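Reading through the structure tokens given below for one structure.
The values are calculated or read from the model by the stated rules, or taken from the named source; none is laboratory data. This structure is a prediction, so every number in the text was calculated from the model and none was measured. Every residue, glycine among them, receives a Cβ derived from its backbone with ideal geometry; neighbour counts consider all protein chains shown. Surface areas here come from the heavy atoms of the whole protein model, side chains and all, with no ligands, DNA or RNA. Shrake-Rupley method; radii C 1.70, N 1.55, O 1.52, S 1.80 Å.
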Amino acid sequence: MAEQTMAAGFAASFAEYACDKGANRDALLSTSGLTEDELSDQDNRIPVIAYQALIRAAIEQTGDTALLLRHTLDSQLETMSVVGQIVHTSASLRHSIEQLNRYLHLMGDVELPTGVERFELLNSDDGLWLIDHLVSPPDQSFWAEVSFARFISEFRRSFPDATFELAMEVTYAPPPHVDQYPELFRVPVQFNASSNALQIDPVWDTPETQFEPGNAYAFDVFTRHADSMLAKLQAEKTIQSEIEAQILPNLHEGTVSMDKVAKDLAMSRQTLYRRLKDEGITFAEVHDGLRKRMAMEYLGGDKVTVNEIAYLLGFSESSSFVRAFKRWTGLSPTAYLSQTG
């Protein structure tokens, strides 16, 4: 399984917003493992789990569980990603959704059902609905929460006198800040629904409703740039990601044989060594880095114990895992959890 990454622009914008609300920037970066250099360019790719750690740390520091939602409603997509520029120069709502699906991975890697695009505009007997097919773990409901907040935010800003959202249905349970939903979303919300769906005014899917005309040239400029970025991203399948995909299912076994991985990848040990050298990384570093990433993911999910994580990562005993985690983060697993909430 290759590491899921996303555009650094989202983390940079959120970090700045969180600091404006009282969070400490150095502490946020330390906890998430992100650096100022990584956040300096909105198109840099950062690990999704680092962004999740940043969110948890900011919420812990500010005590505001709605912090990410507020940021989404208060920020502008075009300041974080070229996809925002494309959306704002699209011809219509349906056209903009097509572009979001097309350039989705420029914003971030997501898990979707096979053969399904993330966003779908659906006309039904009970109205016009925007469906989000994103698969979110129960402990990461904030992805669905901010998905619709982004649409609402952009339409409120671009069309302040028009009605866009009418109602919302979400698969997650009421969050701790549910009492703030009426003020933030301003529409009825049904929790624990069968799908994540936003009902919108049907006028937005009629031939008569077009966005601001005259944007064809700008749209072409932005999409050509995005196409170039997407092609580069798709071409960056590294030997590291191929090795990770091979060893992840057997990570709990502890011992990882470079010879076996080379054989599974249909190459000689010498070829594998040479390709790793070209990428400036060793086989041991790939193994260690994958263990670190999975440890952060398991801890963030708050579903398994330290002893269970040690087993899943292939450590012979939990004390060995604790020592490795301190080497990775400077903290024990317990201390790390207390900082991230």
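Across the chain, C-alpha contacts under 8 Å between residues 6 or more apart give a mean separation that, scaled by the residue count, equals a relative contact order of 17 percent. Think of the range 279-341 as having a plus end and a minus end, set by charges on the Cβ of Lys, Arg, Asp and Glu; of Gly330, Phe283, Met296, Gly330 sits farthest toward the positive end of this dipole.
Between Asn101, Leu312, Gln85, the Cα set farthest toward the positive side of the dipole of the chain (charges on each charged residue's Cβ, about the Cα centre) is that of Leu312.
Quick one: dipole size for the range 62-131, taken about the Cα centre, charges +1 on Lys/Arg Cβ and -1 on Asp/Glu Cβ, in debye to the nearest 20.
200
Positive-end ranking of Trp143, Thr163, Leu130 along the dipole of the range 104-170, with charges on Cβ about the Cα centre, is headed by Thr163. In terms of packing, defined here as the mean over residues of other Cβ atoms within 10 angstrom, the peptides 312-319, 58-65, 110-117 line up highest first as 58-65, 312-319, 110-117.
Here each label is just a point 7 Å from Cα along the line to Cβ, and for Asn307 and Glu98 those points are 5.7 nm apart. Computed from point charges on the beta carbon alone (+1 for Lys and Arg, -1 for Asp and Glu), the dipole magnitude for the chain about its Cα centre is near 1260 Debye.
Tell me, what is the FRET efficiency for Phe159 and Glu279 to the nearest 0.05, using R0 = 51 angstrom and their Cβ-Cβ distance as r? That gives a FRET efficiency of 0.60.
When the chymotrypsin sites (Phe, Trp or Tyr not before Pro) in the range 83-181 are filtered for DSSP coil states and for at most 12 other beta-carbon atoms within 10 Å of their beta-carbon, no site remains.
Of all accessible surface on the chain at a 1.4 Å probe, what whole percent is carbon and sulfur? Each step should come with its number before you reach the end.
Details: 8420 of 16850 Å².
For the chain, the apolar C and S fraction of the accessible surface comes to 50 percent.
Spin-label pair His177-Gln210: with each label point 7 Å from Cα along the Cα-Cβ axis, the two points sit 3.9 nm from one another. Using the Cβ of Glu36 as centre and a radius below 13 Å, the other residues enclosed give a net charge of -4, where K and R count +1 and D and E count -1.
Rounded to the nearest 0.05, the FRET efficiency derived from the C-beta distance between Met267 and Glu111 at R0 = 35 Å is 0.75. Computed with a 1.4 Å probe over protein heavy atoms only, the accessible surface of the range 237-341 comes to 56 Å² per residue. Taking the helices alone, the chain has a mean residue ellipticity at 222 nm of -15500 deg cm²/dmol, built from -39,500 (n - 2.57) per DSSP H run of at least 4 residues and averaged over all its residues.
Charge dipole of the range 54-188 (Cα centre as origin; +1 on each Lys and Arg Cβ, -1 on each Asp and Glu Cβ, all else neutral): 340 debye, rounded to the nearest 20. Read through the labelled values (1) -0.43, -0.94, -1.48; (2) -0.55, -1.05, -1.35; (3) -0.56, -1.11, -1.50 and report the label of the one computed as log10 I(q)/I(0) by the Debye sum over Cα atoms at q = 0.09, 0.13, 0.16 Å⁻¹ from the structure. It is the value labelled (3). If you take the square roots of the eigenvalues of the alpha-carbon gyration tensor of the range 139-257 and sort them as a ≥ b ≥ c, do you get rounded (a/c under 1.5), prolate (a/b over b/c) or oblate? Oblate, because a/c is 1.5 or more while a/b does not exceed b/c.
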